[in-house]
Amino acid sequence: MTRVNLLLLAVAIACALGVITAQHKSRKLFIDLEAGQAEAKRLDEEFTQLQLEQGTWSTNKRVEAVASRSLGMQLPQPGATRVVTLGAAPEAAKP
């Protein structure tokens with residue numbers, strides 16, 4: 001009878017240690033999951049900010065301002081603009 005009790009005690013201790021180990025692993029994995037979710041949220045917010053910044057940097061008004069200020073570009077005069085249509089013969093080639 002004593003051997004059976006000792007065997008049952010050993011099995012109970014092994015089961016208790018198994019439960020403790022499983023709970024510990026579960027908590028560690030949950031902490032890792034929360035850290036991953038927090039990182040994903042942070043990256044999503046950063047992506048949103050970058051999209052907003054890209055939209056700001058690529059507006060026509062800003063591109064025009066940078067082109068005129070930094071590159072010295074300017075809009076062409078209306079008299080210097082030529083409209084070319086497809087299939088029309090060039091004026092210089094007409095006799």
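Report the gain in length on full extension from Ala10 to Thr48: 0.36 nm times residue separation, minus Cα-Cα distance, nm rounded to one decimal.
8.0 nm
Compute the helix-to-body angle for 2-57: its Cα long axis versus the longest principal axis of the chain, expressed 0 to 90° and rounded to tens.
10
Cβ under 14 Å from Leu71's Cβ, Leu71 left aside: what net charge do those residues give with Lys, Arg +1 and Asp, Glu -1?
On the way: positive: Arg62, Arg69; negative: Glu64.
Its environment carries a net charge of +1.
Between the helical axis of 60-70 and the dominant principal axis of the chain, each derived from Cα atoms, what acute angle in degrees is found, rounded to the nearest 10?
In the chain, helix 60-70 runs at an angle near 70 degrees to the longest axis.
Throughout, read-outs are computed from the coordinates displayed, never taken from laboratory work. All values reported here derive from a predicted model rather than from experimental measurement. Reconstructed Cβ throughout: ideal geometry from the backbone, glycine too, with neighbour counts over all protein chains shown.
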